[in-house]
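Asker: One structure, as structure tokens, below. Some questions next.
The values are calculated or read from the model by the stated rules, or taken from the named source; none is laboratory data. Here the structure is a predicted model, which means the values were calculated and not measured. We place every Cβ from the backbone using ideal geometry, glycine too, and count neighbours over all the protein chains shown.
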């Protein structure tokens with residue numbers, strides 16, 4: 001489904017939007033809930049990724065795991081987290097080996113998983129590749145893992161590290177991870193540790209060593225309310241930045257002391273004339289309070305790479321330049337996001353250059369109308385470009401891809417005055 005977005009104005013300058021729980025927190029907690037059934041979750045994400053994760057966990061719990069095949073489709077967190085989860089799922093007896101194959105979409109089969117697999121193998125896991133070395137699909141024979149020390153490069157996707165941390169309390173001797181080199185995506189590692197702490201697991205993170213104490217007993221019943229997704233909020237920050245002074249949008253529900261790396265948004269978007277107020281009911285109100293500064297912007301997004309697309313498109317929409325660094329993980333996402341940004345922004349008239357871990361956008365005053373924006377099966381490409389409809393008409397290809405993280409996105413845009421039609 002392609003959508004035409006006509007150049008629009010916001011019809012209600014004081015709108016309220018409800019955004020469901022963080023996909024990052026939800027998927028971590030779904031795995032912990034599978035390990036510790038006394039956990040109850042509220043405000044879970046309604047994203048495709050979380051639905052896939054929950055569905056596979058539920059199927060695995062009601063069926064014999066012998067020779068089961070599970071398809072995660074495009075869900076990267078599900079692939080990484082479930083690899084670790086199934087590695088520790090033992091059979092009921094010696095003759096009942098818990099064996100599964102994890103597979104995914106064609107793009108998922110191109111996304112590396114070797115570092116995580118090797119880390120689990122260091123702990124004693126039995127994992128083999130079904131097709132290409134280092135990539136899904138993989139076959140996992142679940143077993144008891146007694147080793148408790150592992151080392152891996154610190155500059156890899158934080159999802160590899162989080163996958164290990166999530167199963168760590170169920171290992172009889174806990175886990176000590178040594179991260180070699182400079183650590184990237186620290187907020188996501190700290191999120192995982194904070195969630196473990198919240199359910200009663202003891203952890204420590206000193207220098208480059210993370211320790212998790214074994215917690216093999218059943219936990220006390222506990223209910224956790226998941227904070228709404230800051231990555232999803234980023235598109236609303238962009239919309240307000242591209243709007244007239246006085247525009248206000250209220251989003252629910254967010255914490256000022258958030259665990260999510262993308263909670264840096266209020267600080268960054270001050271540079272674009274957007275003010276953020278945290279309300280007593282855990283909502284935030286974002287408003288355009290001044291014109292933006294035309295000076296080029298420089299941000300290191302090492303700890304929040306998922307908002308790079310949003311920021312780049314915001315800068316283009318405002319006609320200002322930017323230099324974004326710390327983006328090396330974007331090359332192994334749903335698509336190579338750096339190449340995709342360069343290609344699609346160039347269609348609109350942008351002058352843009354990229355390296356393996358950075359993006360530089362030149363200031364520009366022109367914007368080509370009615371461009372077809374390819375999404376490359378990447379939800380963030382679709383949503384990052386949508387705010388530009390406040391400046392020009394455009395077409396979003398395969399617009400339904402937003403269901404991966406934010407299924408109601410287009411309906412929410414219509415509710416504030418966007419003119420959207422299927423073509």
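Asker: Output yes when any residue across region 197-208 is in contact with a helix residue (DSSP H, G or I) (Cβ under 7 Å, 6 or more places away or on another chain) and buried (at least 23 other Cβ atoms within 10 Å of the Cβ), and no when none is.
Answerer: No, region 197-208 contains no residue that is in contact with a helix residue (DSSP H, G or I) (Cβ under 7 Å, 6 or more places away or on another chain) and buried (at least 23 other Cβ atoms within 10 Å of the Cβ).
Every residue, every condition in (1) touching a helix residue (DSSP H, G or I) at 6+ places or on another chain (Cβ under 8 Å); (2) crowded, with 23+ Cβ neighbours inside 10 Å; (3) under 17 Å from residue 7 (Cβ atoms), yes or no:
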residue: 344; (1), (2), (3): yes, yes, no
residue: 348; (1), (2), (3): yes, no, yes
residue: 365; (1), (2), (3): no, no, yes
residue: 379; (1), (2), (3): yes, yes, no
residue: 384; (1), (2), (3): yes, yes, no
residue: 390; (1), (2), (3): yes, no, yes
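Asker: Scan region 295-318 and report the pairs whose first residue is at pLDDT 95 or above and whose second residue is part of a helix (DSSP H, G or I) and surrounded by fewer than 23 Cβ atoms within 10 Å (Cβ to Cβ), with Cβ atoms within less than 7 Å and a gap of 6+ or a chain change.
Answerer: Within 7 Å, the pairs are 297/271; 299/268; 311/268.
Asker: Quick one: is residue 338 in a helix (DSSP H, G or I), in the same structural domain as residue 265 (by TED's automatic domain parsing), without any contact (Cβ under 8 Å) to a residue 24 or more places away in the chain and closer than 30 Å to residue 154 by Cβ?
Answerer: yes
Asker: What number of residues within region 173-198 satisfy the criterion of being more than 22 Å from the chain's Cα centre (by Cα) and in a loop (DSSP other than H, G, I, E, B)?
Answerer: Residues in region 173-198 being more than 22 Å from the chain's Cα centre (by Cα) and in a loop (DSSP other than H, G, I, E, B): 3 in total.
Asker: A further question on this structure: Does region 150-163 include one or more residues that are in the same structural domain as residue 28 (by TED's automatic domain parsing), over 27 Å from residue 337 (Cα atoms) and either touching a strand residue (DSSP E or B) at 6+ places or on another chain (Cβ under 6 Å) or crowded, with 23+ Cβ neighbours inside 10 Å (or both)?
Answerer: Within region 150-163, one or more residues are in the same structural domain as residue 28 (by TED's automatic domain parsing), over 27 Å from residue 337 (Cα atoms) and either touching a strand residue (DSSP E or B) at 6+ places or on another chain (Cβ under 6 Å) or crowded, with 23+ Cβ neighbours inside 10 Å (or both).
Asker: Please find, within region 256-312, the residue that is surrounded by the fewest Cβ atoms within 10 Å (Cβ to Cβ) out of those that are part of a helix (DSSP H, G or I) and over 22 Å from the mean Cα position of the chain (by Cα).
Answerer: Selected residue: 270.
Asker: Here is a follow-up. Answer yes or no: is there a residue in region 15-25 that is without any contact (Cβ under 8 Å) to a residue 40 or more places away in the chain and out of contact with any helix residue (DSSP H, G or I) (no Cβ under 8 Å at 6 or more places or on another chain).
Answerer: no
Asker: All but one of (1) surrounded by 20 or more Cβ atoms within 10 Å (Cβ to Cβ); (2) part of a loop (DSSP other than H, G, I, E, B); (3) at pLDDT below 95 hold for residue 143, so report the exception by its number.
Answerer: With respect to (1) surrounded by 20 or more Cβ atoms within 10 Å (Cβ to Cβ); (2) part of a loop (DSSP other than H, G, I, E, B); (3) at pLDDT below 95, residue 143 is out only on (1).
Asker: Something else: Does region 318-335 contain at least one residue that is part of a helix (DSSP H, G or I) and over 27 Å from residue 105 (Cβ atoms)?
Answerer: yes
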